[in-house]
Every structure is written in C-alpha cells, then in structure tokens.
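The values are calculated or read from the model by the stated rules, or taken from the named source; none is laboratory data. All figures in this text were calculated on a predicted structure; none of them were measured in a lab. We place every Cβ from the backbone using ideal geometry, glycine too, and count neighbours over all the protein chains shown.
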Ligand SMILES: [Fe+2]
C-alpha cells in the first residue's frame, strides 16, 4: 500500500462557521480509497468513460489518525496547495433556499431557476461575499452552474470527447508545470439538498512529476493527460481522498494543480452546484 504523503492539505475555514452549523452528520468528512483503477460504467443512461480513464478503487475507509494529521492543517494554506472548506453565511444560504434551487430534479430545471429573481440575488450576494478573497483585480464571476445526476463514481464530462474524463487535472490556463503555482483555483458551492463529494489525490503536479522521475525538460511544458494517467498506473494503490461537502458549504481547491473529480455515487438527488474560477486565497 502506498503511504499517503504530506502535500495538499485541507483547512476548515472559520468564516461563517459560527452563524450556521451543519446538523450532525453521521457520514465521515474524509474517506480514503484503496487506490485507483481503470474506469468502467456500463449502466444504461449514463455517459460512458473515455478510453483509459481512471476512477477510485473501493473499498473506502476512514483515515488513520496519522493520515488525518497529514491531510488536515490548522492554518489557512496557500491556494496552490490547499483546499478550504467554507460555510456560506446564513443570509446567502437563505436566499438560495428561497430560490428553490435545491429542489431541482433535472439540469433543465436548474437552468430555468438560475434565471429567477431570487437566484440572481443569491448569486450576486455570493460574488460579493467572495470578493475580499479574490486575489486578482477582476471581481469573481460565475463560471458554471448546473445539476448532475446521482450515482456517478466520477461525474465530470469531457465535452470535446463526449465521455467522462475520470480522475483528471484541469487545464483551462494551459500553464507549464513551472508556473502552476500561479494557476487559477476554483470555488464550488453545494446548492443541493444533500452532501456532495470532492475527490482528489493530495499531491501537486510537481510532486507527481518527481514521483514519475520525469526528465527536467518537462518542467517548462504543459501538463498532459498521459502524465496524470501514468501516475495512476505506476501508483495504483495511492489513495484518493473523498471529501464531503455539506449543503451550504463550498470548497476552494487548486484544480489546475491536482488530480481530482466530483462523485455523486452516494447521492440520491440532483447534485446542484455553482462554480467560480479565479484567484482566491483561502479564508482564515
Ligand atoms: Fe476538473
């Protein structure tokens, strides 16, 4: 079994936490997979996996105390190597609740509801709320909002290829490895009625590059899907972290610098979320 290394860490931000607390949830905040494996899903009505895609390997287990110590931090981490969990302030959560978005049952309903007055007000407030944490001059913008069907081990669809990516690293910025510390990160808010799950490998691209013993010339080249998949082939028992994000919570994560995806496998209802890509610091 690959020992989990210390690199990308999780931080529970204190902002908004005192206003609204999550009701006791029996599901652990973090679970670890037995590693990764080639992805397969032949269930009718689901978009198939792209060829060569990877998914987490079951069973899931709770981390040991030593692993938890490596995964969590007590101080706000830097954006390129940290994940922040943020609880929305109660007034914004109330606006979203009034919009009815959590009860949407189809992606089309989400698309309709997001144009409604209540939802637009909530989104404006959301942008306002994250403005102080935005490190660029440009204000935060909504980069996507939608609903994904439940029951998917990994949920992201590669629209160009028309199949599910599996565990992947985003490449919206197209930066070479040497500049990945300056890449954008992502806020993703759970607007649904149940917990959703963020999957990730707690290693930066640079860690993976070193573990694969890649030639130094690769330092100045864009990252490739082949390198991501090569890591999962070479380290098939390196665990994937499954981080639970409760309704009314958001995560901030460096998705251009880490292997990740979302999972709706444990969900029963539509996975409704809103995303904002940008340069965000992780709040205290
Ligand atoms: Fe992604």
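From the residues in segment 155-170 that are assigned to a loop (DSSP other than H, G, I, E, B) and more than 10 Å from the ligand (Cβ to nearest atom), which one is modelled with the highest pLDDT?
Once the filter is applied, the top-ranked residue is 166.
Of the conditions (1) within 10 Å of the ligand (Cβ to nearest atom); (2) under 19 Å from residue 225 (Cβ atoms); (3) modelled with pLDDT of 95 or more, residue 188 clears all except one; give me its number.
Among (1) within 10 Å of the ligand (Cβ to nearest atom); (2) under 19 Å from residue 225 (Cβ atoms); (3) modelled with pLDDT of 95 or more, residue 188 violates only (2).
Considering 101, 157, 85, which residue is crowded, with 20+ Cβ neighbours inside 10 Å, in contact (Cβ under 8 Å) with a residue 60 or more places away in the chain and out of contact with any helix residue (DSSP H, G or I) (no Cβ under 7 Å at 6 or more places or on another chain)?
Values: 101 fails: out of contact with any helix residue (DSSP H, G or I) (no Cβ under 7 Å at 6 or more places or on another chain); 157 fails: crowded, with 20+ Cβ neighbours inside 10 Å.
Result: 85 is the single residue among 101, 157, 85 that is crowded, with 20+ Cβ neighbours inside 10 Å, in contact (Cβ under 8 Å) with a residue 60 or more places away in the chain and out of contact with any helix residue (DSSP H, G or I) (no Cβ under 7 Å at 6 or more places or on another chain).
Tell me, yes or no, whether segment 235-258 has at least one residue that is on the phi > 0 side of the Ramachandran plot and over 11 Å from the mean Cα position of the chain (by Cα).
The initial filter retains those residues of segment 235-258 that are on the phi > 0 side of the Ramachandran plot, namely 248.
Now restrict to residues that are over 11 Å from the mean Cα position of the chain (by Cα): 248.
Looking for residues that are on the phi > 0 side of the Ramachandran plot and over 11 Å from the mean Cα position of the chain (by Cα), one finds at least one in segment 235-258, hence yes.
May I ask you to verify whether residue 202 is assigned to a helix (DSSP H, G or I) and at pLDDT 95 or above? Explain how you work it out, then say what you get.
On the way: assigned to a helix (DSSP H, G or I): no; at pLDDT 95 or above: yes.
No: the conditions fail for residue 202.
Using beta carbons and a limit of 9 Å, which pairs, at least six apart or on different chains, have the first residue in segment 24-40 and on the phi > 0 side of the Ramachandran plot and the second one assigned to a strand (DSSP E or B) and surrounded by 11 or more Cβ atoms within 10 Å (Cβ to Cβ)?
Pairs that qualify, where the first residue is on the phi > 0 side of the Ramachandran plot and the partner is assigned to a strand (DSSP E or B) and surrounded by 11 or more Cβ atoms within 10 Å (Cβ to Cβ), are 35/56; 35/57.
Between 175, 152, which is more than 12 Å from the ligand (Cβ to nearest atom) and crowded, with 21+ Cβ neighbours inside 10 Å? Before you say what the answer is, go through the steps one by one.
Working: 175 fails: crowded, with 21+ Cβ neighbours inside 10 Å.
Exactly one residue qualifies, and that residue is 152.
Collect the residues in segment 161-172 that are farther than 17 Å from residue 278 by Cβ and loosely packed, with under 15 Cβ neighbours inside 10 Å, keeping them in residue-number order. Walk me through how you get there before you give the answer.
If we filter segment 161-172 for residues that are farther than 17 Å from residue 278 by Cβ, which is where we start, we get 161-169.
Within segment 161-172, 161, 162 meet the criteria.
Within segment 232-257, which residues are more than 16 Å from the ligand (Cβ to nearest atom), touching a strand residue (DSSP E or B) at 6+ places or on another chain (Cβ under 9 Å) and in contact (Cβ under 8 Å) with a residue 12 or more places away in the chain? Spell out the reasoning first.
Residues of segment 232-257 more than 16 Å from the ligand (Cβ to nearest atom): 233-239, 244, 246-249.
Still in the running and touching a strand residue (DSSP E or B) at 6+ places or on another chain (Cβ under 9 Å): 233, 235-239, 244, 246-249.
Scanning segment 232-257 gives 235, 236, 237, 238, 239, 244, 246, 247, 248, 249.
Which condition does residue 71 not pass, out of (1) under 17 Å from residue 274 (Cα atoms); (2) buried (at least 18 other Cβ atoms within 10 Å of the Cβ), if it passes all the others?
Evaluating residue 71 over (1) under 17 Å from residue 274 (Cα atoms); (2) buried (at least 18 other Cβ atoms within 10 Å of the Cβ) leaves (1) as the failure.
Among 210, 256, 284, which is the only one that is part of a loop (DSSP other than H, G, I, E, B) and at pLDDT 95 or above? Can you show your working first?
Values: 210 fails: part of a loop (DSSP other than H, G, I, E, B); 284 fails: at pLDDT 95 or above.
When all the criteria are applied, what remains is 256.
Yes/no per residue for (1) assigned to a helix (DSSP H, G or I); (2) more than 26 Å from residue 149 (Cβ to Cβ):
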site	(1), (2)
59	no, no
63	no, yes
69	yes, yes
76	no, yes
80	yes, yes
84	no, yes
93	yes, no
96	yes, no
105	no, no
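Looking only at segment 258-272, filter to residues that are buried (at least 20 other Cβ atoms within 10 Å of the Cβ) and more than 11 Å from the ligand (Cβ to nearest atom); which one of those is nearest to residue 90 (Cα to Cα)?
Selected residue: 272.
For residue 147, are the conditions met, namely being buried (at least 18 other Cβ atoms within 10 Å of the Cβ) and not in a loop (DSSP other than H, G, I, E, B)? Steps first, please.
Numbers: buried (at least 18 other Cβ atoms within 10 Å of the Cβ): yes; not in a loop (DSSP other than H, G, I, E, B): yes.
Taking the combined requirement at face value, the residue satisfies it.
Please count how many residues of segment 139-149 are within 16 Å of the ligand (Cβ to nearest atom) and within 21 Å of residue 105 (Cβ to Cβ). Walk me through how you get there before you give the answer.
So in segment 139-149, the residues within 16 Å of the ligand (Cβ to nearest atom) come out as 143-146, 148.
Okay, now just the ones that are also within 21 Å of residue 105 (Cβ to Cβ), so 144-146, 148.
Qualifying residue count for the region: 4.
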